[in-house]
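S.K.: Submitted below is the structure of interest, expressed as structure tokens.
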There are 2 protein chains.
Amino acid sequence: MFTLLKTEGRARRGTLTCAHGTAQTPVFMNVGTQGAIKGAVSAHDLKEIGCQIELSNTYHLHLRPGDKLVKEMGGLHSFMRWDGPILTDSGGFQVFSLAGLRKIKEEGVTFASHIDGRRIFMGPEESMQIQSNLGSDIAMAFDECVENPAPYDYVKQSCERTLRWLERCKVEHDRLNQLPDTVNPQQMLFGINQGGTFPDLRIWHMQKAAEIPCDGYAIGGLAVGEPTETMYEIIDAVEPYMPKDKPRYLMGVGTPSNIIEGVARGIDMFDCVMPARNARHGKLYTWEGTLNIKNEKYKNDSQPIDPTCDCPVCRSFSRAYLRHLFAAGEMLAMRLAVLHNLHFYNTLMVRIRDALDQGSFEDFRRVYSTKLSGRL
Amino acid sequence: MFTLLKTEGRARRGTLTCAHGTAQTPVFMNVGTQGAIKGAVSAHDLKEIGCQIELSNTYHLHLRPGDKLVKEMGGLHSFMRWDGPILTDSGGFQVFSLAGLRKIKEEGVTFASHIDGRRIFMGPEESMQIQSNLGSDIAMAFDECVENPAPYDYVKQSCERTLRWLERCKVEHDRLNQLPDTVNPQQMLFGINQGGTFPDLRIWHMQKAAEIPCDGYAIGGLAVGEPTETMYEIIDAVEPYMPKDKPRYLMGVGTPSNIIEGVARGIDMFDCVMPARNARHGKLYTWEGTLNIKNEKYKNDSQPIDPTCDCPVCRSFSRAYLRHLFAAGEMLAMRLAVLHNLHFYNTLMVRIRDALDQGSFEDFRRVYSTKLSGRL
């Protein structure tokens, strides 16, 4: 259940209560694709760095270890030992970006596993069944994530089909939640808005999707190569048509600046692999901008990554040590960098929420939306 | 300072007090070659898994990040954030096993860095200077680790030279500890016994080394390919000539069974990369023998690695989850496996010490020396 606590302009401060706890919004979800966070970070570590909602991938977990196995192990919460809220994506994005030899029909998609080439069919019902087996708190509707750019006619056909898929998802999701052996009978369902970069399709699709009673709505298919300004324009266009009393989730976004701008446009939930991926390449966030820890100039720098940060890494380790770990190819480099960057993102959300609570979000936005885009 | 608390047969229970704390012996030292433990394990994690002494490598740290840099950062304790005892090896083993194009003279060894081929000279004085810069609690004398098998005449010449090197190490070590800007002026020096698999050379060398007043003595050059029985015979031959009031360290050994047998032969200190390396390949220790977590049969096994183990991994995660992490290529697999195996080794030493305290070491040895060698 979503509760809107306060607004400042279009920005929203709220809470989202799931079967496994309440998240304060705006929230950044920490991505653990295969039931683990890249960089040797466990569910226990997520607690320590302020994660509220963990996000795992339906497509990946279906292929390996298999959602039926996860169900047998008591569901994903039990399997990966995370007792807070989990959101699972629908598998749609991976089917369209990772898998090979796709064939899309009205029923769903046949594709080849990126692991072993095995032919697999996934449609709305299958996606719901897999997510039900995983037992996540929030299931995402199965959608087609259209590539960018794509012709208007194709996008129109596709988002009409995605709408029909949402209807089927809803029916199947309701059925699964009623079954006696369902892992998480309080699982919620979020619909996903598509429509490429065409505002009219986006709006039409959002209006139609809003008629299907979901627990929240996401904007999908953005941050896939279009200019940042286009992304903001689409959010600006769609947002007025998103139910005010439901959480809004901007999928796969983004930089700290994108997140601040998303919040300013009425978004409540975010996820992105960027902080962890950047971490693994040595790009670290500070409140004064990013730094590349591999840089020679940090070799004898005894400061923490960010002297104002209180993450477990900054409380202990120096830039010099971290740089050494990267140079020496030590796995510990990855872990420490990922912990810091995810903590930074989670803390960014704390500061956004604090600013909203105090009615000073616009001031925060003015300072940090540009500052966090720059280099230290 | 070493204090012998109790003996049972030749097995010894004692304490070793260093500048950074007191270790209970027999002790297994946890290896952090480059100032970090392989498998994304930090110095903080070492505390949690019961590590008493951390071991780092002179050769590796000299090459990268450089011992002078480490000194500038306040020494290795400060650099890697480990406040307990640290032992640094002399670099000898790596010079003779990793580096290329070696040239051995009386002065020392010229070799090519395994990283960039750069020509480097290391002799007894250089090894002492590097270890002094690192500021470890225990420095190891610079020795030649002779390959196995090696001709008698070569081993004889080599261990005569290693003895002369020990004399030079002692002089240089004393000098360095007196310098006003020494990182750790209480650094101890251990001599290393060599002599290949020739008992007469081993004994001669040990008798001579014991005349040079060191803080402890190690047996080096074993577990380099010779049969286990030969290793035990050499320890049996040398041990009577090792000073009773000084700690004895068997370098690079070994399996749980090797350690139990080493303790039974009067050894106080051990180190080995095996538990961490095995972990990274999925070979995990339990009190009923080893298991390979990658095995298909663990795919839906909800038990911890060892149901009797209270390590941070066994307290939370199932075999099924760990197997999934290995199958999915997640870095977290390495971390959890390494934490478990190092905790197992540290706990093995606790149990050995408890048995010695209770006068039941022989019973412990009878049960576990064979049991821990087997598969679950």
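S.K.: Pull out the extension gain between A:LYS244 and A:ASN148, defined as 0.36 nm times the separation in residues minus the alpha carbon to alpha carbon distance; nm, one decimal.
M.R.: Result: 31.7 nm gained on full extension.
S.K.: For chain A, what are the DSSP H helices with axial Cα length of 30 Å or more and mean Kyte-Doolittle hydropathy of at least -0.5?
M.R.: Counting only whole DSSP H runs, the qualifying helices are A:331-357.
S.K.: Which aspartates and glutamates, on any chain, are close to A:LYS38 with Cα under 14 Å apart, when same-chain ones fewer than 8 places away are left out?
M.R.: Answer for A:LYS38, where 14 Å is the Cα cut-off: A:GLU54, B:GLU330, listed by chain and number.
S.K.: Counting Lys and Arg as +1 and Asp and Glu as -1, each charge on the Cβ, what is the dipole of segment B:220-376 about the Cα centre in debye, to the nearest 20?
M.R.: 680
S.K.: To continue, here is another question. Sequence neighbours fewer than 8 away in the same chain don't count; with that in mind, list the lysines whose C-alpha is under 27 Å from A:LYS156.
M.R.: Straight-distance partners of A:LYS156: A:LYS103, A:LYS105, A:LYS170, A:LYS208, A:LYS244, A:LYS246.
S.K.: Averaging sequence separations of C-alpha pairs under 8 Å and six or more residues apart, then dividing by the length of segment B:140-215, give the relative contact order as a whole percent.
M.R.: 39
S.K.: Order the peptides A:1-8, B:304-311, B:34-41 from the highest to the lowest mean number of other Cβ atoms within 10 Å of their residues.
M.R.: B:34-41, B:304-311, A:1-8
S.K.: May I ask you to derive the relative contact order of segment A:109-253, considering only C-alpha pairs under 8 Å and at least 6 residues apart, and to give it as an integer percent?
M.R.: The value is 22 percent.
S.K.: Within 10 Å of each Cβ of B:323-329, how many other protein chain Cβ atoms are there on average?
M.R.: Rounded to a whole number, the mean comes out at 5.
S.K.: If you don't mind, another one. Take every DSSP beta bridge whose two residues both sit in the protein assembly as shown, then give the antiparallel share in percent to the nearest 5.
M.R.: 50
S.K.: Right, another one. What dipole magnitude, in Debye to the nearest 20, does segment A:2-272 give about its Cα centre under +1 on Lys/Arg Cβ and -1 on Asp/Glu Cβ?
M.R.: 220
S.K.: Still on this structure: Select from A:MET334, B:ALA150, B:ILE192 the residue farthest towards the positive end of the dipole of the protein assembly as shown; place +1 on Cβ of Lys and Arg, -1 on Cβ of Asp and Glu, and compute about the Cα centre.
M.R.: Farthest towards the positive pole: B:ALA150.
S.K.: Right, something else. Using a 10 Å cut-off on Cβ to Cβ distances, tally the other chain neighbours for every residue of B:65-77 and report the average as a whole number.
M.R.: Going residue by residue through B:65-77 and averaging, the value is 3.
S.K.: Turning to a different aspect of this structure: Each residue of segment B:105-110 in order: what ³J(HN,Hα) in whole Hz does its phi give by Karplus 6.51 cos²θ - 1.76 cosθ + 1.60, θ = phi - 60°, with x for Gly and Pro?
M.R.: Running phi through 6.51 cos²θ - 1.76 cosθ + 1.60 with θ = phi - 60° gives 10, 4, 5, x, 10, 9 Hz.
S.K.: At a threshold of 8 angstrom on Cα-Cα distance, excluding pairs fewer than six apart, so keeping six or more, what relative contact order does chain B reach in percent?
M.R.: Relative contact order, chain B: 17 percent.
S.K.: Using alpha-carbon positions, what is the distance between the centroids of segment A:290-342 and segment A:1-72, in Å?
M.R.: One Cα centre to the other: 26 Å.
S.K.: Give the cross-link partners of A:LYS297 among the lysines, using a straight C-alpha distance below 24 Å as the criterion and excluding same-chain residues fewer than 8 apart.
M.R.: Within the straight-line limit of under 24 Å, A:LYS297 reaches these lysines: A:LYS283, A:LYS371, B:LYS68, B:LYS71.
S.K.: Also, quick follow-up: Counting DSSP beta bridges in chain A, what percent are antiparallel, to the nearest 5?
M.R.: The antiparallel fraction comes to roughly 50 percent.
S.K.: Would you work out which of B:MET128, B:GLY266, A:CYS214 lies farthest towards the positive end of the dipole of the protein assembly as shown? Charges go on Cβ: Lys and Arg +1, Asp and Glu -1.
M.R.: B:MET128
S.K.: While we're on this one: For the charge dipole of the protein assembly as shown, defined by +1 on Lys and Arg C-beta atoms and -1 on Asp and Glu C-beta atoms about the Cα centroid, which residue among B:HIS173, B:VAL183, A:GLY252 has the Cα displaced farthest towards the positive pole?
M.R.: Going by the charge dipole, the pick is A:GLY252.
S.K.: Here is a further query. For peptide A:330-338, compute the average count of partner chain beta-carbon atoms within 10 Å of each residue's beta-carbon.
M.R.: 6
S.K.: Follow-up. Do the sum for chain B: with -39,500 (n - 2.57) for every DSSP H run of n ≥ 4, divided by all residues, what is the mean residue ellipticity at 222 nm, to the nearest 500 deg cm²/dmol?
M.R.: -12500 deg cm²/dmol
S.K.: Rounded to the nearest 20 debye, what is the charge dipole size of segment B:53-124 about its Cα centre when +1 sits on each Lys and Arg Cβ and -1 on each Asp and Glu Cβ?
M.R.: It works out to roughly 300 debye.
S.K.: Could I have the simple spin-label model distance between B:ASP354 and A:SER113, label points 7 Å from Cα toward Cβ, reported in nm to one decimal?
M.R.: Label at B:ASP354, label at A:SER113, 4.4 nm between them.
Values quoted throughout were computed directly from the atomic coordinates according to the rules given, and no laboratory measurement underlies them. If you're wondering where the values come from, they're calculated on a predicted model, not measured in any experiment. Note: ideal-geometry Cβ built from the backbone for every residue, glycine included; neighbour counts use all protein chains shown.
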